[in-house]
1. Restricted to the range 111-128, and to residues that are among the hydrophobic types (A, V, I, L, M, F, W, C) and part of a loop (DSSP other than H, G, I, E, B), which residue is farthest from the chain's Cα centre (by Cα)?
2. May I ask you to list pairs of residues, at least six apart or on different chains, whose Cβ atoms are under 8 Å apart, with the first in the range 151-164 being charged (D, E, K, R) and the second being assigned to a helix (DSSP H, G or I)?
3. Which residues, counting only those in the range 77-118, are touching a Leu at 6+ places or on another chain (Cβ under 8 Å), under 23 Å from Ala155 (Cα atoms) and not small (Gly, Ala, Ser)?
4. Scan (1) of a type outside the set (Lys, Arg); (2) at pLDDT below 90; (3) in a helix (DSSP H, G or I) for the single condition Ala65 breaks and write down its number.
5. Looking for whichever is within 16 Å of Thr20 (Cβ to Cβ) and assigned to a helix (DSSP H, G or I) here; the options are Ile169, Ile131. Which one fits?
6. Could you pull out the residue among Glu134, Glu91 that is over 10 Å from the mean Cα position of the chain (by Cα) and either more than 26 Å from Leu37 (Cβ to Cβ) or buried (at least 20 other Cβ atoms within 10 Å of the Cβ) (or both)?
7. Please specify each residue of the range 137-153 satisfying the condition of being surrounded by fewer than 22 Cβ atoms within 10 Å (Cβ to Cβ) and either aromatic (Phe, Trp, Tyr) or more than 27 Å from Tyr38 (Cα to Cα) (or both).
8. Going by the conditions given, is Ala121 in contact with a Leu (Cβ under 9 Å, 6 or more places away or on another chain) and in contact (Cβ under 8 Å) with a residue 60 or more places away in the chain?
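The values are calculated or read from the model by the stated rules, or taken from the named source; none is laboratory data. Predicted model, so just to flag it, every value in this text is computed and none were measured. Because the Cβ atoms are built from the backbone with ideal geometry, glycine has one as well, and the counts that use them run over all protein chains shown.
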Amino acid sequence: MIRATQLIPYRRSSDDYGLTERLKAEFTRLRRERHPLYLTSEELDEILHWKLRGQYGRQKERRKANTEDVIQTITGAALSITHPDEDYETELRLGILCCLRGVGVPVASAILALAFPERYAVIDFRGWRQIFGEERTTFSISDYKRYLREVKRLAGELGWPVQEVDLAIWEYDRVSDGKSVLNKAAG
C-alpha cells in the first residue's frame, strides 16, 4: 500500500529516533564484546520499554518468570543461531525468543531489528496497516516473514537499512493516524 517515496520525509523524524540509534549502537558494542551475543535482563527491559512504550505494563507479571539465566540463555541462542536459509533462520530466531514469557512475535522482532538492523524490522499494527491496508494486532511468524519481505522491498528501493524503513513506516502511520491507507482500502 505505502510507496517508498512517501517514506522519505519520515526517515529520521520519529520521536524515538535518537533512542533507537543509541540502542542499535549498544548492540554493535555488545556484538564486539560478547561471544556469543546475549542480553541481560536489564538490556531486555530497556528494549521492552522502547518497543512497548505505554503498554510496557502489559504482560509484566508474566515476564517476571524470566530469570537472568533464562534471558541470557534464550537470547544467546536466538542471536547466535545461523542457517544458510535466511527465511528459516528468521523462523528459528523468532521462535526461540518467543520462548521467553511475555515475548511474542512483535517484541521478538524488536530485539532482532535492534541487533541486526540491516536484516530485520519490527512488526506492529502500524506497519501492517501501511503495508497491507488491514487492521491487525496479533502476528504469527508467517505474518512477520510476509511483512519483512515487503519492508525489504521498500528498503531496496530506498537504499536504506531495513530497520530505518520500518521506523519511517511507523512514523508515517503515527502522523497520519493510519487514515490515508484505511480510506483507500475502504474506497
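1. Among those residues, the one meeting the criterion is Phe116.
2. Listed pairs, sorted by first residue: Lys152/Val162; Glu157/Ala4; Glu164/Ala155.
3. Answer for the range 77-118, where residues must be touching a Leu at 6+ places or on another chain (Cβ under 8 Å), under 23 Å from Ala155 (Cα atoms) and not small (Gly, Ala, Ser): Leu79, His83, Thr90, Arg93, Leu94, Val105, Val107, Ile111, Leu112, Leu114.
4. (3)
5. Values: Ile131 fails: within 16 Å of Thr20 (Cβ to Cβ).
Answer to the selection: Ile169.
6. Details: Glu91 fails: either more than 26 Å from Leu37 (Cβ to Cβ) or buried (at least 20 other Cβ atoms within 10 Å of the Cβ) (or both).
So the residue among Glu134, Glu91 that is over 10 Å from the mean Cα position of the chain (by Cα) and either more than 26 Å from Leu37 (Cβ to Cβ) or buried (at least 20 other Cβ atoms within 10 Å of the Cβ) (or both) is Glu134.
7. Listed by number, the residues that qualify are Thr137, Phe139, Glu150, Arg153.
8. Values: in contact with a Leu (Cβ under 9 Å, 6 or more places away or on another chain): yes; in contact (Cβ under 8 Å) with a residue 60 or more places away in the chain: no.
No: the conditions fail for Ala121.
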